[in-house]
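Undergrad: My questions all concern the structure below.
Any read-out appearing in this document is the output of simple, stated calculations on the displayed coordinates, not a laboratory observation. What you see is a predicted model; the values in this text were computed from it and never measured. Methodologically, a virtual Cβ is constructed for each residue, glycine included, from the backbone with ideal geometry; neighbour enumeration extends over all protein chains shown.
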Amino acid sequence: AIVCYPDVDSVPTLSGPPVLQPELWQAIHQIRHFDPDHPALDPIRAVLRPVQIARTDAYGRFEIALAPYQIEGHRPFYVLQQDYLPATLHVEYAVPGVDPQGMPMRQRLQPDPSGIVDLPAARLFPAGSVRIHILVPESEFDIAPRIRVYWWGRDPGDLPWLPLVYTPYQGSSVWRTPRLLQNQDQAFQVLAGVDIYIELNCLSGPYTPLNLGPFRLEQGQVLDLGRVELPKGIPVTVKVLDPAGRPVPDMTVTCTGPDRQLVSVRTHTDRHGEATVYLAPNSSGWIIAQDPRTSGPRQDEYSTAFAIGGQEDAGKESAGCLLLKRRP
């Protein structure tokens, strides 16, 4: 396996490690005496711009030397192997509980007296690849939007290891590509051997999430979904007021289905306390307003149920608003 420590803070929020073609992996496997500057590693370097890059030995172990100033708790090590989901290893990771400010607690791995940090074992799971071309009209945006992709697996046989894919362990977790770009061919990896469900959600514009699946891929198999167009939603104006009836600006507004799955783009209220969300026709669920300046159990939040009909309801007005209430 190849292990990288990247030099790009934005990598974890974008498309992550590259999905390499089999011939590129073959070239990497043919490196007899590992050289981090070998040309076969160029596709990885082009995306991750690693500070250091290494290869695991026959026992799955590796060693990377970093100066203290190069180590940042939020930046992960990436572990890559052909036909496996990438794994991430963190020097600093979340633990149960919140601090006095209501923020999630974090723990940092400490070096031993010789300065060595013993990272947790990376767990690699078999993967297939999905190719897709997401169509979004460029004329609708001033800047190129990004597409959030989320997938999850189900198995009727109740595989005992399946929960481990979604459960981080002491800084070790599975990398799941969160973002894609529009109007271009691209690929991302999903878990192999289980039923896969995929959700695509445009992070801006009048679009609603698109759910695809289920699909089942074998390890190394490629599924080509071709060109996919995101559905447009019905615009709904949300107004958030405080207990005194005053508009509340800068509130984060999201919409979820009855099962609390996200069904609209996250947005924010303006200075009039208003925000526009786009909802799928003939849908129902919850509209949620949260104050981003608070977090954890102290976060200000209020929600209300919604139900919307078809396109014939577009433009209709509905009396009502979200009344902001502070949690006790």
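Undergrad: Can Thr177 be described as more than 30 Å from Pro231 (Cβ to Cβ), in contact with a Gly (Cβ under 9 Å, 6 or more places away or on another chain), among the hydroxyl-bearing types (Ser, Thr, Tyr) and touching a residue at least 40 places away in the same chain (Cβ under 8 Å)?
TA: no
Undergrad: Does at least one position in the range 235-244 carry a residue that is within 13 Å of Val130 (Cβ to Cβ), in contact with a strand residue (DSSP E or B) (Cβ under 8 Å, 6 or more places away or on another chain) and not polar (S, T, N, Q)?
TA: no
Undergrad: May I ask you to list the residues in the range 48-96 that are of a type in the set (Ser, Thr, Tyr), surrounded by fewer than 17 Cβ atoms within 10 Å (Cβ to Cβ) and farther than 23 Å from Asp37 by Cβ?
TA: Listed by number, the list holds a single entry, Tyr59.
Undergrad: Of all residues being buried (at least 16 other Cβ atoms within 10 Å of the Cβ) and either of a type in the set (Asp, Glu) or in a strand (DSSP E or B) (or both) in the range 180-196, which is nearest to the chain's Cα centre (by Cα)? Just the residue, please.
TA: Per the stated criteria, the residue is Leu180.
Undergrad: Go through the range 39-107 and tell me which strands (runs of 3 or more DSSP E), entirely inside it, have 3 or more residues that are in contact with a helix residue (DSSP H, G or I) (Cβ under 8 Å, 6 or more places away or on another chain).
TA: Per the criteria, 50-55.
Undergrad: Can you say whether Gly60 is within 26 Å of Thr177 (Cβ to Cβ) and of a type in the set (Gly, Ala, Ser), as far as the supplied structure shows?
TA: Spelling it out, Gly60 is indeed within 26 Å of Thr177 (Cβ to Cβ) and of a type in the set (Gly, Ala, Ser).
Undergrad: Would you mind stating whether Gln221 is under 22 Å from the mean Cα position of the chain (by Cα), polar (S, T, N, Q) and closer than 25 Å to Pro86 by Cα? If you could, list the steps in order and put the result at the bottom.
TA: Details: under 22 Å from the mean Cα position of the chain (by Cα): no; polar (S, T, N, Q): yes; closer than 25 Å to Pro86 by Cα: yes.
Criteria not met by Gln221.
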